[in-house]
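Reviewing the structure listed below.
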Amino acid sequence: MKKAMAFCLAALMAAGMTTSAFAAAKDVNPGSVTFDQDSFINGKASVELEYDAVAEPTYTITIPMGVQLVKGGTTSTFKAEGISNLNGGKIVLSITSTRKSGMPDDCPDFALYRGHNYVPYEVQGFYKDGTSHFVSELNKEVMSFDEDGEYRYRVIPSKIIPVTGTYWGNITFQFDIVGAEEPEPDPNPEEEYASVKVNFQLRGTDTIVGSMDYQMPKPGDGRYMLYAKNSQVEIPEGYSYPDDQDPWRTIVVKDGVPNPAEVTFEVVAE
């Protein structure tokens, strides 16, 4: 089940868009019945019917039709409601096109255009648990979800601007319902997680007041964001994060190996 929608990246539009998927009517297949002449009473026969019905997945997505980009990137939020009957599956958001009518033929994917001047951009998808990753290729998962809520993505233009002026672009999102998959046997069952060491350094000093191993479920290759306030990151007791600290750390995974394998957050004594 697929829903595709295109969004303008040049000017913010006040209108929103809602797309829904509903259960389709299913033909009732009669079961079988056996009867003989003794089953008839006054010319009437009774036939029992049996139908194993499966409810189709449903969802409703409400998402802004336009995003006004700013330097450093813009975050947009969409709402998912009425999610049901996924049967262990999930809804996967991907990008199937970044082109629109009138764009120059030589404009690359994931780029804004002004004439024949281009500004590349990438899209960051945020999962419900606070993790995120970056996408700059078509037909790659931006995020996935399986429950009602508000979900965020961020469009981040390049810092290199060839010519001053307004640039335009377009994103076609697609929402697919992906069924639950049987996990493939892990050839290295003892290496189920990619481990990243998290250090907590006392601000203004070289003192490490605590460390922990953050276990990342074996991810696919790509860029991931580790959030300091993730519930799995246990800050040492008696310390807190300074308000002006960037709470995100970028981790690049290649061949299942995270880089860097060690990150540091500053803390202050409470």
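Being part of a loop (DSSP other than H, G, I, E, B) and under 19 Å from E141 (Cα atoms) is the filter; apply it to the stretch 111-129 and report the residue that is most open to solvent (accessible area, probe 1.4 Å). Give the steps one after another, and end with the answer.
If we filter the stretch 111-129 for residues that are part of a loop (DSSP other than H, G, I, E, B), which is where we start, we get 115-116, 127-129.
Okay, now just the ones that are also under 19 Å from E141 (Cα atoms), so 127-129.
On the way: Y127: 55, K128: 117, D129: 97 Å².
Among those residues, the one meeting the criterion is K128.
Please find, within the stretch 96-128, the residue that is nearest to S76 (Cα to Cα) out of those that are charged (D, E, K, R) and more than 11 Å from the chain's Cα centre (by Cα). Explain how you work it out, then say what you get.
So in the stretch 96-128, the residues charged (D, E, K, R) come out as 99-100, 105-106, 109, 114, 122, 128.
Okay, now just the ones that are also more than 11 Å from the chain's Cα centre (by Cα), so 99-100, 105-106, 109, 114, 122.
Numbers: R99: 19, K100: 20, D105: 28, D106: 28, D109: 20, R114: 23, E122: 14 Å.
Per the stated criteria, the residue is E122.
Given the conditions (1) within 17 Å of the chain's Cα centre (by Cα); (2) under 17 Å from M225 (Cβ atoms), and given that G88 satisfies all but one, which numbered condition is not satisfied?
With (1) within 17 Å of the chain's Cα centre (by Cα); (2) under 17 Å from M225 (Cβ atoms) applied to G88, the lone miss is (2).
Would you be able to tell me the number of residues in the stretch 61-110 that are open to solvent by less than 30 Å² (accessible area, probe 1.4 Å), more than 24 Å from H133 (Cα to Cα) and not in a loop (DSSP other than H, G, I, E, B)?
Going through the stretch 61-110 one residue at a time, the tally reaches 0.
If you take the residues of the stretch 130-165 that are among the hydroxyl-bearing types (S, T, Y) and open to solvent by 60 Å² or more (accessible area, probe 1.4 Å), which of them is farthest from P108 (Cα to Cα)? Even if it seems obvious, please write down each step before you answer.
So the first thing to find is which residues in the stretch 130-165 are among the hydroxyl-bearing types (S, T, Y), and the list is 131-132, 136, 144, 151, 153, 158, 164.
From what is left, the residues that are open to solvent by 60 Å² or more (accessible area, probe 1.4 Å) are 136, 164.
Details: S136: 11, T164: 19 Å.
The selected residue is T164.
Modelled with pLDDT under 90 and open to solvent by less than 90 Å² (accessible area, probe 1.4 Å): is that true of P258 in this structure? Break it down into steps so the answer makes sense when it comes.
On the way: modelled with pLDDT under 90: yes; open to solvent by less than 90 Å² (accessible area, probe 1.4 Å): yes.
So P258 passes the test.
The values are calculated or read from the model by the stated rules, or taken from the named source; none is laboratory data. Being a predicted model, the structure only gives us computed values, none of them experimental. Note that we place each Cβ from the backbone using ideal geometry, even for glycine, and neighbour counts take in every protein chain shown. Note: areas computed on protein heavy atoms with side chains; ligands, DNA, RNA excluded. Shrake-Rupley method; radii C 1.70, N 1.55, O 1.52, S 1.80 Å.
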